Amino acid sequence: MRPRTVLLIVLVGVLAVGSASLSAGAASHGHAAEQVPVQSSADTEPPDPPGDPLGWENGYWYNESIDVTPDDGLNESELDAVVARSMARVESVRGIEFNGTVPVEVISRAAFSDNRSVSDTNTSTANRIHQNVKWEAMFSIGEDENALSSFRSTQTATIGGYYSPGDDRIVIVSENATTPKMDEVTLSQELFHALQDQKLEISFNRSTREGLNAANGIIEGDGNLVDQIYQTNCGDDWNCVTPSSDDSSGGGDTSDINYGIYLTQYQPYNDGPAFVQQIRSEGGWEAVNDVYDNPPTSTEQVIHPEKYPDEGPVNITFTDSSSDEWSVPDLGNGSVDYARFGQAGLSAMFLRPAVASQYSDVPVLRPEQIFTDRRTLNYGLDVTNGWGNDRLYPYATNESAETNETGYVWQIEWDTVDDAGAFADAYVELLEYYGAESVPENESTYRVSDDEPFGDAFYVGHDGQTVTIVNGPTVADLSEIRAGVAPANETDPDETTESDETNTDTDETTESDETAGPDGATTDTGDGFGPGFSVAVALLAVLASAAVAVRRHT
């Protein structure tokens, strides 16, 4: 591990939403952007300017040639040169001046994994149960798996680095920590994250996965749009440092990726650039800057930019009606005790089987629904459009820590009765894909055999615009976790248990698992960013080839 006095984080492989042209744009929050002097591309060493104009940093112009050999890794002086020029290029694209440089550490992927493993052991039992329940509910981990371990393996395989605003530093994850190989284009995005921290407001409510993804719609959307503009210029006007695809810094073993976790986190990188580009096309970079003061309140707004900023999540009321044996784990420290996944998470739940099977299995969805274009996943699915809000409350007994026998109540609100019905039908079809069979003795009740990864009982209730999913180890446990559900078929369910809710929660406190660092454990990330994904080349190849395969099936 070597400290450096440069600013760096690697974020690789976001799916493209189309090319954009280079624009210096306006500087942050009303300050006029200083014009970048135009230098001849033939002038490999133009003179240093007076002062510190846009497009020049630490002795390098944005279009200056530098003498480096990326294929054998970057030594310290080469890395400093690449970072300085990349900073200048980020300034020229985004029209915002860096305040200064930030320390960076380079660590090996093995060391990164070891650090995450240590963090796993430092979480509370309540949080461990909470994590297991919520990711099992998403059909991401089975009964015999550990969510934190799956989270760690996914992060280790896909992360290239991260920026920590609390520490004001960057950590690069590289296969070689001494002479790291990296792509300058991927470097540009994490440089921009540091610029965001210096010049733009990035403190958001990150209390749930949905809140984190919604905030990342502007943070990662802006960063990836800058990345795309940067990449376009590399192909046209700039000489860029780009090592061969088989030895760049990004990516671990793709077999370690949990696609449910990955796809849920990936949505802001997928949809954020188009969200930001639409705002930019209407009002320029200054309008994009303004979004930081009024960030998206849901992933639905990022998936459907026309809903921003007016259509936010609806309020949800919830009353615990469980028996004394079952309770919601207390995460402590004022943390909210529920999870919230939003349209992004619900769509990831339906997309997971297709991506994980490399598109040999496509339950519920039609193949042509999976992509919006060749390399952009479709999170605006028919079965999740019309999302209004959701909360998932984990339930456990005193023995759950040892037995991993848990349950949950997942309340999902929809814009219309038809939206709710469409989701409920699609969810039942997804349950059947995972082995569920209807329980004849009980209404709207299903059972997955204990031999299967998601072996449990499920109740799927549809009451107006509300869908309520209740999960438990057995059919008998369902009504213990949520009174009145899974009624016998000869009786009517007690409708008041699903609609007569009294306690209103405004989603404003902090859920410890969702303010987590790269390992998903109870870690405060301050006011910063999500992990810097370095999507492995092999994974991108899977996505790209899958799009071709999908087209062949349509």
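Answer yes or no: is there a residue in the range 338-348 that is modelled with pLDDT of 95 or more and surrounded by fewer than 22 Cβ atoms within 10 Å (Cβ to Cβ).
In the first step, residues of the range 338-348 are kept if they are modelled with pLDDT of 95 or more; the result is 338-348.
Narrowing further to those that are surrounded by fewer than 22 Cβ atoms within 10 Å (Cβ to Cβ): none.
Within the range 338-348 (the criterion being modelled with pLDDT of 95 or more and surrounded by fewer than 22 Cβ atoms within 10 Å (Cβ to Cβ)), the answer is no, since none of the residues qualifies.
Taking the stated definitions as given, is Leu79 part of a helix (DSSP H, G or I), at negative phi and in contact with a Ser or Thr (Cβ under 7 Å, 6 or more places away or on another chain)? Walk me through how you get there before you give the answer.
Working: part of a helix (DSSP H, G or I): yes; at negative phi: yes; in contact with a Ser or Thr (Cβ under 7 Å, 6 or more places away or on another chain): no.
It is false that Leu79 is part of a helix (DSSP H, G or I), at negative phi and in contact with a Ser or Thr (Cβ under 7 Å, 6 or more places away or on another chain).
Conditions (1) surrounded by 24 or more Cβ atoms within 10 Å (Cβ to Cβ); (2) modelled with pLDDT under 90, marked per residue:
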| site | (1), (2) |
| --- | --- |
| Gly161 | yes, yes |
| Glu190 | yes, yes |
| Leu200 | no, no |
| Ile219 | yes, no |
| Gly235 | no, yes |
| Cys240 | no, no |
| Ser244 | no, yes |
| Asp253 | no, yes |
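Using the structure shown, decide if Ala126 is surrounded by fewer than 24 Cβ atoms within 10 Å (Cβ to Cβ) and either in contact with a Cys (Cβ under 7 Å, 6 or more places away or on another chain) or part of a helix (DSSP H, G or I) (or both).
Numbers: surrounded by fewer than 24 Cβ atoms within 10 Å (Cβ to Cβ): yes; either in contact with a Cys (Cβ under 7 Å, 6 or more places away or on another chain) or part of a helix (DSSP H, G or I) (or both): yes.
Spelling it out, Ala126 is indeed surrounded by fewer than 24 Cβ atoms within 10 Å (Cβ to Cβ) and either in contact with a Cys (Cβ under 7 Å, 6 or more places away or on another chain) or part of a helix (DSSP H, G or I) (or both).
For residues that are open to solvent by 30 Å² or more (accessible area, probe 1.4 Å) and assigned to a loop (DSSP other than H, G, I, E, B), tally how many sit in the range 358-377.
Let us first name the residues in the range 358-377 that are open to solvent by 30 Å² or more (accessible area, probe 1.4 Å), namely 358, 360-362, 364, 366-368, 372-375.
Next, only the ones that are assigned to a loop (DSSP other than H, G, I, E, B) stay: 358, 360-362, 364, 366, 374-375.
Adding up the residues that qualify gives 8.
With respect to Ser86, is the statement that it is under 22 Å from Thr208 (Cα atoms), open to solvent by less than 20 Å² (accessible area, probe 1.4 Å), in contact (Cβ under 8 Å) with a residue 60 or more places away in the chain and polar (S, T, N, Q) true? Show your work before the answer.
Values: under 22 Å from Thr208 (Cα atoms): no; open to solvent by less than 20 Å² (accessible area, probe 1.4 Å): yes; in contact (Cβ under 8 Å) with a residue 60 or more places away in the chain: yes; polar (S, T, N, Q): yes.
Here the answer is no, as Ser86 does not meet what is asked.
Do you know which of the residues in the range 163-188 that are polar (S, T, N, Q) and under 18 Å from the mean Cα position of the chain (by Cα) is surrounded by the fewest Cβ atoms within 10 Å (Cβ to Cβ)?
Kept after step one, since they are polar (S, T, N, Q), are these residues of the range 163-188: 164, 174, 176, 178-179, 186, 188.
Subset that is under 18 Å from the mean Cα position of the chain (by Cα): 164, 186.
Details: Ser164: 19, Thr186: 27.
Filtering the range 163-188 for residues that are polar (S, T, N, Q) and under 18 Å from the mean Cα position of the chain (by Cα), the one surrounded by the fewest Cβ atoms within 10 Å (Cβ to Cβ) comes out as Ser164.
Kindly provide the set of residues from the range 275-310 that are within 21 Å of the chain's Cα centre (by Cα) and not in a helix (DSSP H, G or I), ordered by number.
Tyr292, Asp293, Asn294, Pro295, Pro296, Thr297, Ser298, His304, Tyr308, Pro309
Based on this model, can you work out whether Glu136 counts as out of contact with any helix residue (DSSP H, G or I) (no Cβ under 6 Å at 6 or more places or on another chain), surrounded by fewer than 21 Cβ atoms within 10 Å (Cβ to Cβ) and among the acidic types (Asp, Glu)? Steps first, please.
On the way: out of contact with any helix residue (DSSP H, G or I) (no Cβ under 6 Å at 6 or more places or on another chain): yes; surrounded by fewer than 21 Cβ atoms within 10 Å (Cβ to Cβ): no; among the acidic types (Asp, Glu): yes.
No; evaluated as a whole, the condition is false for this residue.
Here is a yes/no grid of residues against (1) more than 25 Å from Asp419 (Cα to Cα); (2) surrounded by fewer than 22 Cβ atoms within 10 Å (Cβ to Cβ):
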{"site": "Glu286", "(1), (2)": "yes, yes"}
{"site": "Pro296", "(1), (2)": "no, no"}
{"site": "Thr299", "(1), (2)": "no, no"}
{"site": "His304", "(1), (2)": "no, yes"}
{"site": "Glu311", "(1), (2)": "no, yes"}
{"site": "Ser327", "(1), (2)": "yes, yes"}
{"site": "Asp330", "(1), (2)": "yes, yes"}
{"site": "Ala354", "(1), (2)": "no, no"}
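Sort out which residues of the range 158-186 are assigned to a helix (DSSP H, G or I) and out of contact with any strand residue (DSSP E or B) (no Cβ under 9 Å at 6 or more places or on another chain), and write them in order of number. Working first, answer last.
Kept after step one, since they are assigned to a helix (DSSP H, G or I), are these residues of the range 158-186: 158, 184-186.
Across the range 158-186, the qualifying residue is only Glu184.
Considering each residue of the range 90-107, count those that are at pLDDT 80 or above and crowded, with 17+ Cβ neighbours inside 10 Å, and give that number. First the steps, then the outcome.
Filtering the range 90-107 for residues at pLDDT 80 or above gives 90-101, 107.
Adding the requirement that they be crowded, with 17+ Cβ neighbours inside 10 Å leaves 90-98, 101, 107.
Looking only at that region, the number is 11.
So, Asp320, is that one open to solvent by 30 Å² or more (accessible area, probe 1.4 Å) and part of a loop (DSSP other than H, G, I, E, B) or not? Spell out how you get there, then give the answer.
Values: open to solvent by 30 Å² or more (accessible area, probe 1.4 Å): yes; part of a loop (DSSP other than H, G, I, E, B): yes.
When the stated conditions are applied, Asp320 passes them.
Among the residues of the range 139-150, write down those that are assigned to a helix (DSSP H, G or I) and open to solvent by 10 Å² or more (accessible area, probe 1.4 Å).
Ser149, Ser150 - these are the residues of the range 139-150 that are assigned to a helix (DSSP H, G or I) and open to solvent by 10 Å² or more (accessible area, probe 1.4 Å).
Inspect the range 202-213 for any residue being touching a Ser or Thr at 6+ places or on another chain (Cβ under 9 Å), open to solvent by 40 Å² or more (accessible area, probe 1.4 Å) and under 21 Å from Gly272 (Cβ atoms) and give the result as yes or no.
Narrowing the range 202-213 to residues touching a Ser or Thr at 6+ places or on another chain (Cβ under 9 Å): 205-207, 209-213.
With open to solvent by 40 Å² or more (accessible area, probe 1.4 Å) added as a condition, the list becomes 205.
Right, trim to under 21 Å from Gly272 (Cβ atoms) and you get 205.
Yes, the conditions are met somewhere in the range 202-213.
The values are calculated or read from the model by the stated rules, or taken from the named source; none is laboratory data. Quantities reported herein were computed from a predicted structural model and do not represent experimental measurements. FYI the Cβ positions are ideal-geometry reconstructions off the backbone, even for glycines, and counts take in every protein chain you see. Ligands, DNA and RNA are stripped out before the accessible areas are found, and what is left, the full protein with its side chains, is counted by its heavy atoms. Shrake-Rupley method; radii C 1.70, N 1.55, O 1.52, S 1.80 Å.
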